[in-house]
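None of the figures in this text is laboratory data; all of them are computed from the coordinates on show. The model shown is predicted, which means the values in this text are computed figures rather than measured ones. Every residue, glycine as well, gets a Cβ built from its backbone with ideal geometry; the counts of neighbours run over all protein chains shown.
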Amino acid sequence: MRHLFLFMTVFLSAAPVMAEPLHGIAMHGSPALPADYPYLPYVNPNVKKGGRINYGVVGTFDSLNPFNLKSIRTTARGIWDNIFGNLVYETLMVRSADEPFTLYGLLAESVEWDDQRSFLQFNLNPKAKWSDGQPVTPEDVKFSFEVLRDKGRIPFSTRLDGVEKMEIVGERSIRFTFKEKTDREFPLIIAASTPILPKHAIDAATFDQSTLKLPVGSGPYLVSSLSPGERIVYKRNPDYWARDLPAKIGFDNYDQISVEYFLQENTLFEAFKKGAIDIYPEGSPTHWARAYDFPAVRSGEVIKETFKPQLPTGMLGFVFNTRRPVFADVNVRAGLSLAFDFEWANKNLFQNAYTRTESFWQESPLTSLGTRADTQELALLDGIKSRIAPAILDGSYRLPRTDGSGADRKVLRQAVELLKLGGYTIKSGRMSDPSGRQLAFEVMTQTQDQEKLAIAYQRTLRMIGVEMAIRTVDDSQYQARSGNFDYDMIVKSYPSSLSPGIEQVGRWGSASRNRQGSFNFAGVADPDLDRLLETMLKARSKEDFEAAVRAYDRMLIAGHYLVPLYHVADQWVARHKHIDYPKALPLYGYQLNTWWDKRAQ
């Protein structure tokens, strides 16, 4: 009996924890849609599928593998794409664009987890299959995570870092048991952001190499043809397994999708004007205001659309590479930030179209602007409040407004005082350190608009004796040097969501500082920031989460890791009239993979 008791004890302790199968999961709270939801609320469920769409992008491509380091910037768009849609490869679950961070089943018909999120079990849809007809199996899921760990690039290579055990637990199920210190967002990341790959169709030994071999995927499209560096064409898979799945109703509406590559933005826009490209997402207010007086617009063939998503602004700026000694001192970074005359640039370059960005989550409940740090936040900031200016703590912080002259003496005096705190003074018209070395650096730019901004910044910096060189490079060099952190200063954008999480570690966490290919462009390695990041990732309630993000926002602002630039709340898109879109706009703005061709028969 004693042996039987011991056997039963071991057996029961080893048995997996059982949980109720769920159709969806959310980062905070519960999914908005019930288990029997018919489709996502921002699609047209009655759309007539067919026709075609021609997209255009600037750049080149020489690979169909987007998951390794060699192809990080040169993979054909559409294979795995958060704008055009994941046309070839899919994830276990899909993220709703109408909720902050909620996932619904795709390859996984249902999932199971506990309140502690100590495990996540995926129960695969029995209908799921690859484009060659073979079923998607738990072995494929296991293989995907392993090959990405061994041969993939960041962030795919880190998807098992928080996993204690990955085990196949049934004919259609696979369970991930997480390490004790794994954050609460991590299960959702592996569910919604990890591609599932066919074990039988991929050579693990060569997965880290670029390839033009036609991929086998589970997604709605097949690669039809390609001309490396010029064009890739996708055709609808008539046997796509998920075409009637609620999470896919109203998506993937074209019979054919082509992506054309152009060397310059001007050439792409000319192709759009002539009708060779169907959609042109616009990013320049000057271009939006001035460039659309051509016959197709006047005739109604081309239509300009403005969308208003409910998103935080994110942050765009001249980023200081703090790996460089010249930017090591926070006072130097703060002083250089004040020298940028936003009011002059906005008026003279952008027709006053922009608003200055001063927070990473501006215009959302997550921003610290206009909100005094409460007792909960102050507890999170205990021990590091002295590093944060009082105005940032009480919510009154704002960047100074200049007189718009490009030479506001009052603001420049503030910049000089901060630079003095960082060890620099003006000697013989040069901002110099005690040894007489001038404060000088180079900014790397990629586009004409970036170069114009840099020239305006350069002119103001020279007034206080700072020398900034400008180097404009092509797309491939820009991406290569960005990935290798080979720059003093660079222009980068940091998009923000209503559910920031693990991506922040890649941008600002100490662990990503020296990882080539990471998005830690500023080279930040700060234990205090890491602690706030960990708190944010482990928050359980909405209130705790928002307090953690606001505290984190204050710390990022106080670090002066970039010269904040600007934002516009609207999304601008021009389209040829035969392309249409759903009338319901989701939280995250327009979704191109729900649009359609009205000419479809």
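Students often check this: by mean Cβ neighbours within 10 Å, which of 460-470, 292-302 ranks highest, and how do the rest follow?
460-470, 292-302
Hey, which aspartates and glutamates would be in cross-link range of Lys179, C-alpha to C-alpha under 12 Å, not counting anything within fewer than 8 residues on its own chain?
Within reach: Asp161, Glu164.
Net charge near Asn86, counting Lys/Arg +1 and Asp/Glu -1 over other residues with Cβ under 13 Å of its Cβ?
Local charge sum for Asn86: 0.
Please state the relative contact order of segment 281-409 as a whole percent: Cα pairs under 8 Å, 6+ residues apart?
Contact order relative to length: 28 percent.
How are the Cα pair distances of segment 191-298 distributed, in percent, across 5 Å bins from 0?
Bin by bin from 0 Å, the calculated values are 2, 8, 14, 16, 15, 15, 13, 9, 5, 2, 1, 0.
Could you give the C-alpha radius of gyration of segment 218-261 expressed as a fraction of 2.2 N^0.38 Å, taking N as the number of residues it contains?
Here the answer is 1.27, to two decimals.
List residues of segment 166-203, by number, whose backbone nitrogen lies under 16 Å from a label position 7 Å along Cα→C-beta of Lys142.
Once the point is set 7 Å along Cα→Cβ of Lys142, 166-177, 197-200 turn out to lie under 16 Å by backbone N, inside segment 166-203.
Can you tell me the 0 to 90 degree angle between the C-alpha axis of helix 448-463 and the longest principal axis of the chain, rounded to 10?
Approximately 30 degrees, to the nearest ten.
Can you give me the C-alpha center-to-center distance between segment 297-361 and segment 48-65, rounded to a whole angstrom?
Result: 29 Å between the Cα centres.
Any idea which of Phe441, Ile464, Leu453 is furthest toward the positive side of the dipole for segment 435-475, if Lys and Arg beta-carbons carry +1 and Asp and Glu beta-carbons -1?
Sorting the options by dipole projection puts first Ile464.
What would the Debye equation give as log₁₀ I(q)/I(0) for segment 482-566 at q = 0.13, 0.23, 0.24 Å⁻¹, counting only Cα atoms as equal point scatterers?
-0.41, -1.21, -1.30
Find the relative contact order for segment 18-124 and round it to a whole percent, using C-alpha pairs within less than 8 Å whose residues are 6+ positions apart.
The value is 29 percent.
Quick one: Debye curve from the alpha-carbon atoms of segment 529-573 only, equal weights, vacuum; give me log10 I(q)/I(0) at q = 0.25, 0.26 Å⁻¹ to two decimals.
Results for segment 529-573 at q = 0.25, 0.26 Å⁻¹ read -0.84, -0.86.
Just add up the charged neighbours of Asp203: K/R +1, D/E -1, any other residue whose Cβ is under 12 Å from the Cβ of Asp203.
Neighbourhood net charge equals +2.
Based on the Kirkwood radius over alpha-carbon pairs, what is the Stokes-Einstein translational diffusion coefficient of segment 374-424 at 10 °C with 1.306 mPa s viscosity, in µm²/s?
Rounded to a whole number, D works out at 119 µm²/s.
Quick one: which residues, 5+ away or cross-chain, put their amide H under 5 Å from the amide H of Val491? H built at 1.01 Å from N.
Placed amide hydrogens put Val319, Met444 under 5 Å from Val491.
Determine, from the Cβ-Cβ distance of Ala391 and Lys308 and an R0 of 30 Å, the FRET efficiency 1/(1 + (r/R0)^6), rounded to the nearest 0.05.
0.50
Evaluate segment 414-551: find the radius of gyration of its Cα atoms, find its Kirkwood radius, and give the ratio Rg to Rh.
1.05
Using only alpha carbon positions, build the gyration tensor of segment 107-188, then give the equivalent ellipsoid semi-axes as the square roots of 5 times its eigenvalues, largest first, whole angstrom.
22, 17, 10
Taking a point 7 angstrom from the Cα of Ile168 along the C-beta vector, which residues in segment 117-141 have backbone N less than 17 Å away?
Residues 121-130, 134-141 fall inside that zone.
With angles folded into 0 to 90 degrees, how steeply does helix 475-484 sit against the dominant principal axis of the chain? Use alpha carbons for both and round to 10.
It works out to around 90 degrees.
So which GluC sites (Glu not before Pro) in segment 124-171 pass both tests, a DSSP loop state and at most 15 other Cβ atoms within 10 Å of the Cβ?
Glu171
Any lysines with Cα under 30 Å of the Lys213 Cα? List them, leaving off those in the same chain fewer than 8 positions away.
Hits, sequence-local ones excluded: Lys49, Lys70, Lys127, Lys129, Lys142, Lys151, Lys199, Lys235, Lys248.
Using just the helices of the chain, give the 222 nm mean residue ellipticity in deg cm²/dmol: DSSP H runs with n ≥ 4 each add -39,500 (n - 2.57), and the total is spread over all residues, rounded to 500.
The helix contribution divided over the chain gives -7500 deg cm²/dmol.
Over what distance in Å are the Cα centres of segment 213-234 and segment 131-159 separated?
19 Å
From the phi angles alone, apply the Karplus equation (6.51, -1.76, 1.60; θ = phi - 60°) to segment 28-36 and give each ³J(HN,Hα) in whole Hz, x where the residue is Gly or Pro.
For segment 28-36, the Karplus-derived couplings read 10, x, 10, x, 6, 9, x, 4, 9 Hz, x marking Gly and Pro.
Quick one: in segment 315-567, what % of C-alpha pairs are over 27 Å apart?
36 percent
Could you give the Stokes-Einstein D for the chain in µm² per second, using the C-alpha Kirkwood radius, 20 °C, 1.002 mPa s?
For these conditions, the coefficient is 82 µm²/s.
To the nearest 20 Debye, how big is the dipole of segment 315-567 about its Cα centre, given +1 on the beta carbon of each Lys and Arg and -1 on that of each Asp and Glu?
Approximately 600 debye in magnitude.
Search the structure for amide H atoms under 5 Å from the amide H of Thr472, placed 1.01 Å from N in the peptide plane, and list their residues when 5 or more places away or on another chain.
Excluding prolines and chain starts, which carry no amide H, the hits are Thr445.
Taking Cα centroids, how far is segment 524-601 from segment 249-283 in Å?
Result: 24 Å between the Cα centres.
Run the numbers on segment 315-567 and let me know its relative contact order in percent, using alpha-carbon pairs under 8 Å that are six or more apart.
Across segment 315-567, relative contact order equals 35 percent.
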